[in-house]
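A short worksheet on the structure shown next.
The values are calculated or read from the model by the stated rules, or taken from the named source; none is laboratory data. Since this is a predicted model, take the numbers as computed values, not measurements. Here the Cβ is made from the backbone with ideal geometry for all residues, glycine too, and neighbour counts use every protein chain on show. Ligands, DNA and RNA are stripped out before the accessible areas are found, and what is left, the full protein with its side chains, is counted by its heavy atoms. Shrake-Rupley method; radii C 1.70, N 1.55, O 1.52, S 1.80 Å.
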Amino acid sequence: MKNVSEARQELQDRPMPRLVSEEPPDFSLVMGGPVFQLFRRSRLAGDGLDLVVRRILVITLIAWPPLLLLSAIGSHLAGASVKLPFLRDIEAHVRLLVALPVLIAAELLVHSRIRPIVKAFLARRIVRQQDLPKFVAAIDAAMNLRNSVPLELGLLAFVYSVGQLLWRSQIALLRTSTWYAIPQDGHLHLTAAGYWYVYVSIPIFQFILLRWYLRFFIWFRFLWQVSRLDLHLIPTHPDRAGGLAFLGKSAYAFSPILFAQGALLAGLIASRILHEGAKLLSFKMEAIGLIAFFLVFVLGPLTMFTPQLAGAKRKGLGDYGLFANSYVEAFEKKWIFRDDSAGDELLGTGDIQSLADLGNSYALVRDMRPIPFDMQDIVRLAAVTAVPLLPLGLTMFSLEQMVTQILKTLF
């Protein structure tokens, strides 16, 4: 038999279980990986995501000004030597001067918005105590993917293999001379600016964009692992999503990426309108398709929580229905049939208010959504994606007409 002192020492040596209220491991989609460490060593980033303006300036200076200089040297800047001089290539300028800086700056917003979302699973006690080790393991797995050297090297290899192949096949379709490629003897030859564009500027843009898609994958994989846990969802939560409506708001963190995608399409359409005489309305389906695709891309994965939300709603309707049945039966017996044991006066009784509160609670359960986002989230994200397309309206309407039409649509 163990004596008291030995038993006490054994209890002290046992590891204490982690509480749900403890801080979870740090979660960041962007503060890690080989490129982030390279930025730190080159003083383009501090320990956090500061110096974002410096990163934007340096990367943009590598991608765009050399094209301006080399085009000027090759007489392809604005002259008549080619049909599409550098200064008139709206698509290239939008890609490198609008979309690229936005994609770099987006890291700060994603970092600041996603970290509280992960902590909210614990702060709101949505993750149960017994599932805490699995939740922590999901965070660790996400951070391992974020820090993976082979993954980022694979992206770089993809950009300089498949990315180059796709870009060169696009160049091969050109029928006119441009600042970056000129047809000669049945073949297209890259100019000096074209070599920088194809082998430096475009790969930089493609790598940063594909890196964002990798981060999307990491985030959605983490959410999928969380959705497999036995979550503590409250059917009567006023957000009408069992307490998970904050996940729908998390999609706003990715709004700069949606804006950048809209800007890329706007640049492509603007080039076709100004240089090929195309009409804006002929791109209506492309615009609608882009907006719909990215709405599904960002919000669609959140439907992985639908089975648990639907289950919580069914259980809530059953539990609150049973409770309501017992309550209204007692209420009817006391106030309608005036049971002899009821000696209270109707005026001023709390039973009426309790009945109303019960009805409100049941209505919340009945109106609970099977998805953690609502129409407001859809409209806002669609608007962010569509905003870069609005200036194209000037090709059809005056500024005054366009503003009037927008105001009529909104109000």
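Averaged per residue, segment 104-224 has 48 square angstrom of accessible surface, using a 1.4 angstrom probe with ligands and nucleic acids left out. Sorted on the mean count of surrounding Cβ atoms within 10 Å across their residues, most packed first, peptides 253-260, 300-307 read 253-260, 300-307. Within the shell of other residues whose beta carbon sits under 13 angstrom from the beta carbon of L317, the net charge comes to +2, with Lys and Arg scored +1 and Asp and Glu -1. Calculated on C-alpha atoms, the gyration radius of segment 220-299 divided by its Kirkwood radius gives an Rg/Rh of 1.20.
Note: relative contact order over segment 133-216, using C-alpha pairs below 8 Å and six or more positions apart, is 27 percent. Equivalent ellipsoid of segment 73-149: semi-axes from √(5λ) of the C-alpha gyration tensor, largest first, are 49, 14, 8 Å. Each of V53, W64, V110 was placed along the dipole of segment 35-127 (beta-carbon charges, centred on the mean Cα), and the one lying farthest toward the positive end is V110.
A protection proxy built from the mean count of other Cβ atoms within 10 Å ranks the segments 152-162, 174-184, 100-110, most packed first, as 100-110, 174-184, 152-162. Note on segment 49-124: with charges restricted to the Cβ of Lys and Arg (+1) and Asp and Glu (-1), its dipole about the Cα centre is near 360 debye. With the convex hull of its Cα atoms as the shape, segment 68-201 has an orientation-averaged projected area of 11.3 nm². Taking the square roots of 5 times each eigenvalue of the Cα gyration tensor of segment 127-216, largest first, gives ellipsoid semi-axes of 43, 11, 9 Å.
A simple count of charges around L299, restricted to other residues whose Cβ falls under 13 Å of its Cβ and scoring Lys, Arg +1 and Asp, Glu -1, yields +1.
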